[in-house]
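The block underneath contains the structure these notes are about, expressed in structure tokens.
The values are calculated or read from the model by the stated rules, or taken from the named source; none is laboratory data. Keep in mind that this is a model prediction, so the values were computed, not measured. Positions of Cβ are backbone-derived with ideal geometry, glycine not excepted, and every protein chain shown enters the neighbour counts.
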Amino acid sequence: MNPVLGALQTYPFVRLDEAKADARARGIELIDFGMGDPIEPTPEFIQRALAEALPLTAGYPRAPGLPELRQAIAAWLEHRFDAQVDPEREVIPSYGSKEAIFLFPLVACTSEKDLVLVPEPAYPVYERGAMFAGGRVQFLALEESHGWLPDLDAVDDETWERCAVLWLNYPHNPTGAVAPLSFLEHAAELARAHGFYLASDEAYTELWFDEAPPSAVQLADRRQVVVFQTLSKRSSMTGYRSGFVCAEAELIAALRSFRPNTGTAPQEFVQRASVAAWSDEAHVEGMRARYARKRDLLAPLLELAPGSSEATFYLWFCVPEGESSEAFATRLLEYGVVVAPGSYFGPSGEGYARLALVPPFEQCERAAEILREVL
């Protein structure tokens, strides 16, 4: 067995699943805000596009993807971010974004540049992808006092020179913080100066409340910049597994050579459904409105961390003083409310918890009654 697998601790959300199963076995009815898996129905027109594209037989999907999908992605990037992207040379579809993120260090890391910088608290896939690629991981603490942004100026030149990938994820999971375009510009300048990739995971750019977040695809100079995007959150298409990578032509050419080895490409009928999804904004506006309604109900009951919860469908809030994040989540579980302990996302997450606004509104109303009594 690969020793990396043996060295990994249990995936934190597996522990959460085990705790939920135990609670259900004891008769507790759960309202699950723990997992970031949207249960809003996939819009009917997307379902219909997939059904109409189902073939009698289907061969292996090709890594470059359908030209119609790449064109739809490029058109969306222009519409949403006013970014000019070549659909033939600068875009490749992915099987969602998680697998593309996990596999990217296999392409980016070398013997000279084997360091992957991961801000934390964070989604675990950044660290784990680097470990399986044989890379070294160094964490950059995200703190409330710094607006949940990594302090890039505190990183020394020697570290930058060893760096292969700097991961950024804004809007941020788990904190819901948003990074200004000026911060992305600064990170991209460092990437060009030191020859590493600025890898921007942008799964949540379309779920916002007051102001649309920026994207690294808007940068005037996109050399060394790689953007990962997905339909999972934007269009409630988690099970469809459809996303894309956008980068300079040289890197996309490398990914076109690499990705057939892994066999990870969306099926063509999923790609055709994805064309429909990327080509429509009305359903996304409806998604945002539904999440905003849940947020307005639950956010006033929580002590939201300053600078957090500006976008995504997550609320990042402080746990009661003197109580660990896991102990707090365990206590809430006894009342039937599931949240994710901040410590699951890294040491800097201790003292906080994450609530995902995914249950139906009626369940959110029940949870609000419980939280009023418990908090």
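Some notes on this structure:
- Only listed residue being of a type in the set (D, E, K, R) and at pLDDT below 95, chosen from D210, D296: D210
- Residue tally, condition crowded, with 23+ Cβ neighbours inside 10 Å and not in a helix (DSSP H, G or I), over region 110-136: 6
- Among the residues of region 39-69, the one identified as closer than 30 Å to A340 by Cα and of a type in the set (S, T, N, Q) is T42.
- Test: residue in region 182-193 that is surrounded by fewer than 22 Cβ atoms within 10 Å (Cβ to Cβ), more than 25 Å from G307 (Cβ to Cβ) and not assigned by TED's automatic domain parsing to the domain that holds L357: yes
- Comparison of R293, R366 shows that the only residue that is surrounded by fewer than 18 Cβ atoms within 10 Å (Cβ to Cβ), of a type outside the set (F, W, Y) and within 21 Å of L207 (Cα to Cα) is R293.
- Residue that is modelled with pLDDT under 95 and small (G, A, S), where the choices are A83, A74, A51, A63: A63
- Matching residues in region 217-270 - criterion: being in contact with a Cys (Cβ under 9 Å, 6 or more places away or on another chain) and either in a helix (DSSP H, G or I) or not assigned by TED's automatic domain parsing to the domain that holds I92 (or both): V217, I252
- Near pairs, Cβ below 6 angstrom, 6+ apart or cross-chain, from region 1-12 (closer than 17 Å to F102 by Cα) to any residue that is at pLDDT below 75 and surrounded by fewer than 10 Cβ atoms within 10 Å (Cβ to Cβ): none
- Any hit, region 86-96, residues being touching a residue at least 60 places away in the same chain (Cβ under 8 Å), surrounded by fewer than 19 Cβ atoms within 10 Å (Cβ to Cβ) and at positive phi: no
- Scanning region 17-37 for residues that are part of a helix (DSSP H, G or I) and either farther than 29 Å from L207 by Cβ or modelled with pLDDT under 85 (or both) yields a count of 2.
- Odd one out for G307, checked against (1) under 16 Å from A356 (Cβ atoms); (2) touching a residue at least 40 places away in the same chain (Cβ under 8 Å); (3) not assigned by TED's automatic domain parsing to the domain that holds R62: (1)
- Residue list for region 203-213, filter: part of a loop (DSSP other than H, G, I, E, B) and either in contact with a strand residue (DSSP E or B) (Cβ under 7 Å, 6 or more places away or on another chain) or within 14 Å of H186 (Cα to Cα) (or both): A203, Y204, L207, F209, P213
- Single residue of A83, A177 found to be touching a Ser or Thr at 6+ places or on another chain (Cβ under 7 Å), of a type in the set (A, V, I, L, M) and under 28 Å from R241 (Cα atoms): A177
- Filtered residue count, region 212-236, keeping only those that are among the polar types (S, T, N, Q), crowded, with 24+ Cβ neighbours inside 10 Å and farther than 13 Å from W76 by Cα: 1
- Any hit, region 29-38, residues being surrounded by 11 or more Cβ atoms within 10 Å (Cβ to Cβ), among the hydrophobic types (A, V, I, L, M, F, W, C) and either touching an Asp or Glu at 6+ places or on another chain (Cβ under 8 Å) or farther than 24 Å from A340 by Cβ (or both): no
- Region 219-242, residues that are in contact with a Phe, Trp or Tyr (Cβ under 7 Å, 6 or more places away or on another chain) and in contact (Cβ under 8 Å) with a residue 40 or more places away in the chain: V226, Q229, L231, K233, R241
- Among the conditions (1) under 18 Å from the mean Cα position of the chain (by Cα); (2) touching a residue at least 60 places away in the same chain (Cβ under 8 Å), F196 misses just one, which is (1).
- Residue in region 55-77 that is in contact (Cβ under 8 Å) with a residue 24 or more places away in the chain, more than 15 Å from V275 (Cα to Cα), surrounded by fewer than 17 Cβ atoms within 10 Å (Cβ to Cβ) and of a type in the set (G, A, S) present: yes
- In region 207-225, of all residues being among the aliphatic types (A, V, I, L, M) and more than 13 Å from V284 (Cβ to Cβ), the one that is nearest to the chain's Cα centre (by Cα) corresponds to A216.
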